[in-house]
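Working notes for the structure below.
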Amino acid sequence: MLEDWQHGGFGLYIHWPFCQSKCPYCDFNSHVASSIDQDRWARAYLSEIDRVGALTQGRLLKSVFFGGGTPSLMDPELVDAIMTKIRRTWPMTNSAEVTLEANPTSVEAGRFRGYRDAGVNRVSMGIQSLNNLDLRALGRLHSVEEALAAFDIARGVFDRVSFDLIYARQNQTTQEWRNELKQALSLAVDHISMYQLTIEQGTAFGDRYAIGKLRGLPDEDSAADMYDVTQEVAAQMGFPAYEVSNHAPEGSESQHNLIYWRYGDYAGIGPGAHGRLTLGGRKYATETYRMPNAWLEAVEQRGNGENVSDTLSLDDQLHEFLLMGLRVTDGVDLNRLSNFGGDALQPNVARLEDMGFLTHEKGRLRLTPEGRPLLNAVLRELLVD
């Protein structure tokens with residue numbers, strides 16, 4: 001009998017915490033360092049792969065994702081050492097996806113060929129905007145011209161290239177976004193992620209917003225219009241949404257992210273990395289030390305970079321299963337929902353169906369087009385006692 005996580009598969013996330021600079025909107029665990037001892041980092045990553053491998057022995061690895069930070073600042077030799085250790089630790093599927101995030105300022109053809117030779121077969125580029133004024137406002141170090149040149153290098157080396165854009169930026173109009181989106185989609189290879197600018201506490205933008213100095217942000221109606229334009233134009237140009245913020249032709253979806261959204265298991269290695277692992281019939285939420293030096297020292301001194309490993313209750317798993325699964329267009333499997341105690345939600349499901357936000361057919365529960373922009377509100381109503 002399958003354990004539930006096997007419906008989503010097993011993946012590995014490797015976090016590289018360093019960037020050339022800190023973007024003012026970014027709340028990811030990223031740090032600027034004047035020098036990095038990549039040999040020391042290699043030893044720590046390989047040690048953690050050994051530790052996690054012993055816990056998950058025999059699992060078939062479906063994907064590897066190098067995230068950050070800016071993983072394209074990693075030496076190709078470091079990526080090669082990590083991938084060699086991974087292949088010796090787990091059997092990998094024949095179609096295993098190995099993604100590395102890159103910023104245009106750190107893209108070099110030779111470096112990319114080194115990543116490809118190490119086993120990377122997909123690159124995700126943080127382009128963020130095709131407008132130079134907006135790139136500067138977002139704190140990006142590259143220009144549009146540099147981004148396009150880096151993108152050309154990437155697609156000359158890799159068959160699969162994705163990139164990110166941010167919309168609902170300061171002083172951006174819906175028509176400007178429509179035009180930029182059409183340009184971006186005409187360039188796209190097989191995948192594009194488009195995120196609405198959000199102002200997070202603890203970021204430079206968050207601090208400016210709190211004192212009234214972040215001007216020109218679109219109101220809720222304008223941001224909603226831009227979301228609608230995103231769905232409309234992307235679908236017309238062959239990149240329908242398969243998740244709230246992610247668009248791809250059929251067959252080009254991010255296999256690693258689908259493990260998250262399908263509530264599979266994944267191990268998180270590196271500073272601030274999160275994981276979900278089913279061990280001995282229990283599902284655990286894991287976290288690692290956020291600060292790079294704290295994580296390194298924990299690995300070196302006690303052989304474990306984790307500082308949290310909590311057992312998830314059935315209610316916790318139900319909430320996460322819905323939170324992740326309803327993000328994707330396919331929604332969630334009703335049989336799996338029952339395994340988490342979801343039958344008790346039937347009155348709430350019926351009410352939200354009557355309101356036009358949820359639908360179920362062919363054994364799956366999914367958001368309607370009207371419900372998709374309201375995911376968080378729908379979840380609150382769905383999980384209310």
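The values are calculated or read from the model by the stated rules, or taken from the named source; none is laboratory data. Bear in mind the structure is a predicted one, so any value in this text is a computation, not a measurement. Cβ placement follows ideal geometry from the backbone for every residue including glycine, while neighbour counts extend to all protein chains displayed. Accessible surface areas use protein heavy atoms only, side chains included; no ligands, DNA or RNA. Shrake-Rupley method; radii C 1.70, N 1.55, O 1.52, S 1.80 Å.
Points to keep in mind about this one:
- Distant-in-sequence amide contacts of A273, defined by a placed amide H-H separation under 5 Å and a gap of 5 or more residues or a different chain, comprise T288.
- Solvent-accessible surface ranking, highest first, for D265, D221 at 1.4 angstrom: D221, D265
- Surface listing: R351, R43 arranged by accessible area from highest to lowest gives R43, R351, probe 1.4 Å.
- Gyration tensor verdict on region 332-385 (Cα atoms; rounded if a/c is under 1.5, prolate if a/b is larger than b/c, oblate otherwise): oblate
- Rounded to the nearest 20 debye, the dipole size of the chain about its Cα centre is 720 debye, using +1 on the Cβ of Lys and Arg and -1 on the Cβ of Asp and Glu.
- Vicinal HN-Hα couplings computed from phi for region 139-149 (Karplus, 6.51 cos²θ - 1.76 cosθ + 1.60; Hz; Gly/Pro x): x, 7, 8, 9, 9, 4, 4, 5, 5, 5, 5
- Heavy-atom accessible surface of the chain: percent carbon and sulfur, 1.4 Å: 47 percent
- Per-residue ³J(HN,Hα) for region 315-320, Karplus 6.51 cos²θ - 1.76 cosθ + 1.60, θ = phi - 60°, Hz, x for Gly and Pro: 5, 4, 5, 4, 4, 5
- Beta-bridge orientation, the chain: approximately 40 percent antiparallel, per DSSP, counting only bridges with both partners inside.
- Isolated cysteines of the chain, defined as having no other cysteine beta carbon under 4.7 Å away, are C19.
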